[in-house]
Amino acid sequence: MNIAIVGTSGAVGQELLRVLEQRNFPVKELHLFGSSRSAGTSYNFKGKQIVVKELQHNDDFKRIDIAFVSAGGSTSLEFAETITKHGAIMIDNSSAFRMDDEVPLVVPEINGEDALNRPKGIVANPNCTTAQLVIALKPIEDITHIKKVHVATYQAASGAGAAAMKELEEQYRELVKGEKPTVSKFAYQLAYNLIPQVDVFTDNGYTKEEMKMYYETRKIMHSNIEVSATCVRVPVMRAHSEAIWIETERPISIEEAREAFSKADGVKLIDNPNEKEYPMPLGLEGTDPVYVGRIRKDLTNENGLSFWTVSDQIRKGAALNAVQIAEYIIKNS
Ligand code: 2RA
């Protein structure tokens, strides 16, 4: 396959290079694209240095089979036609097309088949918090319909990009030295803090990030499920955590839930409270699963269940899911 990555220099672009190599994706030619600023830089792929070309409206995508795009929504909107006009499949990590009726929004473990019907030649990758949520919801939904979800997210700095991760580290260094911390990537200092805002606020008091979890979850699961989210930025480098409360059609026992999670695609159970075993971001970065623990009955609802998840925001939250979409398409076309 002739593959393209658009947005190579970003955190997700860099992870795409790693995931493609680690999973031995069938790459015949790899073409890297980026902004005028990143054009000319080179990155290693399978022992070869590949130079980034500036993304332009030309026929560079004529021989491309699959293009992974992670360069922001405005770039996706501007270049979708240029990328797809010769037949390349565009797997887009931005939010630009996620709610477009003619663009499937896909997490392969849940609705991979949707990726096979792509009228615009585009498949959308969900928001990282949504991908993590639906991977955990799916095994329970297979037992009994989930009617409502409440979720609080604890989102790593990586969600705002590589520069935000650097700024978080820099803030701690500056604070230790007694200096005023650099604050540019978030509204406030993140070190020693929590910021209960990810993305801008909408008219209903929820942020766009929280509304993405509502709408994207319904589209991926083909469900009338209702999701109320509170998305919080926390001083963690690159794994998101989510505290989840669900209400199901019928009561579900802890044992049933544990059994379902233990067998679920993309899930790894870490749930042994007596041994203080539960998922934590530290040490899980760079791994693929959505880790699930702290499973317990919701004390407030006999049809309720509560649990905790952790997952690497750049892998399953973005690069890994995108590559898995491509693998699904290749395998099933
Ligand atoms: C964030 N989910 O964490 C958003 C975008 N990656 O900032």
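The values are calculated or read from the model by the stated rules, or taken from the named source; none is laboratory data. None of these values were measured; they are calculated from a predicted model. Ideal geometry is used to build each Cβ from the backbone, glycine not excepted, and the neighbour counts take in all protein chains shown. Accessible surface is based on the protein model in full, side chains and every heavy atom, while ligands, DNA and RNA are left aside. Shrake-Rupley method; radii C 1.70, N 1.55, O 1.52, S 1.80 Å.
Give the residue, chosen from 137, 168, 133, that is more than 11 Å from the ligand (Cβ to nearest atom), more than 19 Å from the chain's Cα centre (by Cα) and in contact (Cβ under 8 Å) with a residue 60 or more places away in the chain.
Criteria check complete, one pass: 168.
Taking the condition at pLDDT 95 or above, β-branched (Val, Ile, Thr) and in contact with a His (Cβ under 8 Å, 6 or more places away or on another chain), does residue 323 pass? If you could, list the steps in order and put the result at the bottom.
On the way: at pLDDT 95 or above: yes; β-branched (Val, Ile, Thr): yes; in contact with a His (Cβ under 8 Å, 6 or more places away or on another chain): no.
Judged against the criteria, residue 323 is not a match.
Out of curiosity, is residue 73 out of contact with any Asp or Glu (no Cβ under 7 Å at 6 or more places or on another chain) and farther than 27 Å from residue 160 by Cβ?
Against the criterion (out of contact with any Asp or Glu (no Cβ under 7 Å at 6 or more places or on another chain) and farther than 27 Å from residue 160 by Cβ), residue 73 does not qualify.
Tell me which residues, restricted to the range 310-326, are out of contact with any Ser or Thr (no Cβ under 8 Å at 6 or more places or on another chain) and either more than 23 Å from residue 9 (Cα to Cα) or among the β-branched types (Val, Ile, Thr) (or both).
323, 325
Report yes if some residue within the range 148-155 is farther than 20 Å from residue 231 by Cβ and outside any loop (DSSP other than H, G, I, E, B); otherwise report no.
Filtering the range 148-155 down to residues farther than 20 Å from residue 231 by Cβ leaves none.
Looking through the range 148-155, none of the residues is farther than 20 Å from residue 231 by Cβ and outside any loop (DSSP other than H, G, I, E, B).
Against the definition (buried (at least 24 other Cβ atoms within 10 Å of the Cβ) and assigned by TED's automatic domain parsing to the domain that holds residue 104), how does residue 239 come out, yes or no?
no
Where in the range 226-333 are there strands (runs of 3 or more DSSP E), lying wholly inside it, with at least 1 residues that are within 15 Å of residue 135 (Cα to Cα) and more than 16 Å from the ligand (Cβ to nearest atom)? If you could, list the steps in order and put the result at the bottom.
On the way: elements: 226-233, 239-248, 267-269, 290-297, 304-312.
Per the criteria, 239-248, 267-269, 290-297, 304-312.
Between a first residue in the range 184-206 that is closer than 20 Å to residue 242 by Cβ and a second residue that is of a type in the set (Lys, Arg) and more than 12 Å from the ligand (Cβ to nearest atom), which pairs have beta carbons less than 8 Å apart while being 6 or more apart in sequence or on different chains?
Going by the 8 Å Cβ cut-off, there are no qualifying pairs.
Does residue 215 meet the test of being in a strand (DSSP E or B), outside the structural domain of residue 105 (by TED's automatic domain parsing) and either loosely packed, with under 14 Cβ neighbours inside 10 Å or out of contact with any Leu (no Cβ under 7 Å at 6 or more places or on another chain) (or both)?
So residue 215 fails the test.
Against the conditions (1) within 13 Å of the ligand (Cβ to nearest atom); (2) within 18 Å of residue 6 (Cα to Cα); (3) open to solvent by 20 Å² or more (accessible area, probe 1.4 Å); (4) in contact with a strand residue (DSSP E or B) (Cβ under 8 Å, 6 or more places away or on another chain), where does residue 154 fall short? Just the number, please.
(2)
It is to be established whether one or more residues within the range 195-212 are part of a strand (DSSP E or B), more than 14 Å from the ligand (Cβ to nearest atom) and open to solvent by 10 Å² or more (accessible area, probe 1.4 Å).
Looking for residues that are part of a strand (DSSP E or B), more than 14 Å from the ligand (Cβ to nearest atom) and open to solvent by 10 Å² or more (accessible area, probe 1.4 Å), one finds at least one in the range 195-212, hence yes.
Condition test on residue 247, is it touching a residue at least 60 places away in the same chain (Cβ under 8 Å), surrounded by fewer than 21 Cβ atoms within 10 Å (Cβ to Cβ) and not β-branched (Val, Ile, Thr)?
Yes, satisfied.
Within the range 127-140, identify whether any single residue is touching a Cys at 6+ places or on another chain (Cβ under 7 Å) and open to solvent by less than 20 Å² (accessible area, probe 1.4 Å), and answer yes or no.
yes
Looking at (1) open to solvent by 30 Å² or more (accessible area, probe 1.4 Å); (2) closer than 22 Å to residue 107 by Cβ; (3) within 24 Å of the chain's Cα centre (by Cα), can you tell me which one residue 259 breaks?
(3) is the only condition that residue 259 fails.
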